[in-house]
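The values are calculated or read from the model by the stated rules, or taken from the named source; none is laboratory data. Keep in mind that this is a model prediction, so the values were computed, not measured. Please note: Cβ atoms are built from the backbone with ideal geometry, for glycine as well, and neighbour counts cover all protein chains shown.
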Amino acid sequence: MKYKVGMCIFINWDNWCVKLIRLFNRIKYGEKGFGHVGIITKVEKNRVQIHEAVNKGFTKSWYPKDFLDKRIEEGTIEVKETKIKLKNVEINADKYLGRPYAWFDLIGIIISFLTGCRLIKITGASKLICSEAVARILYDSSNKKINFEKEYWKDYDLITPMDIYLSRSLKW
C-alpha cells in the first residue's frame, strides 16, 4: 500500500468500545462499518505516523507499514484519500495533542440518534473523539473545503467514523 499524508485510516480494533460503535453502525447505517478513524500525518520508508483520539486522549503514534498492510489484507483496516489536496496536516493535527478523550460525546451521539436532535454540542474541541478530531483536522487542512458539519448538518461532536467513511469528500 502506498500511504500518503492526509489519508484517513479506518480501524476495527477488538475492544468493547469498538464493538458498541459497530453495533450502532449496524443499526444506523445497516452495516458494521468501522469503529475508529485516524489521520496519517507523516510517512517514512518503513513506518507511518497516525494522529488519533484514543482512550488516553489525542495522540500521535508510529505504526510499521507491514503491520498496517497485514491489517488491510485482513480487512480490519481500510485507508481512504480525500478528493481535495490538504496542506499542513501534521501542524493542524499537532494543535490537538494532549486533549482528553470526549466520552460524553459518545453519549451525545446516542441521544442525538434516539431523539433525532441534530444540533447538540457537548464538549467542543476541548475534548475529542476520533472522528471529531479527524473531521476538524480535515477542515483546517483543506482550507475549510471539507466541512462535515455542513455535509451532515451536525456538530463536530456528533460526527462518527462512518460519517467520514461515507463522506462525498473522500475517494472511493
Checklist entry - Within region 12-28, how many residues turn out to be of a type in the set (S, T, N, Q), at pLDDT below 75 and not in a helix (DSSP H, G or I)? => result 1
Checklist entry - Looking at region 76-98, which of the residues that are free of Cβ contacts under 8 Å to residues at least 60 places away in the same chain and within 24 Å of Gly33 (Cβ to Cβ) is farthest from the chain's Cα centre (by Cα)? => result Tyr96
Checklist entry - Given the structure, is Thr59 β-branched (Val, Ile, Thr) and either in contact (Cβ under 8 Å) with a residue 40 or more places away in the chain or in a loop (DSSP other than H, G, I, E, B) (or both)? => result no
Item to check | Elements of type helices (runs of 4 or more DSSP H) in region 96-172, at least 2 residues being modelled with pLDDT of 85 or more and charged (D, E, K, R) | outcome: 130-141, 148-152
Checklist entry - Does any residue in region 29-40 that is without any contact (Cβ under 8 Å) to a residue 60 or more places away in the chain and assigned to a strand (DSSP E or B) come within less than 9 Å, Cβ to Cβ, of a residue that is surrounded by fewer than 23 Cβ atoms within 10 Å (Cβ to Cβ) and of a type in the set (Lys, Arg) six or more places away or on a different chain, and which pairs are these? => result Ile40/Lys4
Checklist entry - Which of the residues that make up region 41-56 are over 24 Å from Arg22 (Cα atoms) and outside any strand (DSSP E or B)? => result Glu44, Lys45, Asn46
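One line per residue, one yes/no per condition, for (1) surrounded by 12 or more Cβ atoms within 10 Å (Cβ to Cβ); (2) out of contact with any strand residue (DSSP E or B) (no Cβ under 7 Å at 6 or more places or on another chain):
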site	(1), (2)
Tyr3	yes, no
Gly6	yes, no
Val18	yes, no
Leu23	yes, yes
Ile39	yes, no
Asp66	no, yes
Lys80	yes, no
Lys85	no, yes
Checklist outcome for this item: Taking region 141-170 and keeping only residues that are surrounded by 19 or more Cβ atoms within 10 Å (Cβ to Cβ) and among the basic types (Lys, Arg), one is left with Lys154
Checklist entry - Any chance region 53-62 includes a residue that's within 22 Å of Tyr152 (Cα to Cα) and of a type outside the set (Asp, Glu)? => result yes
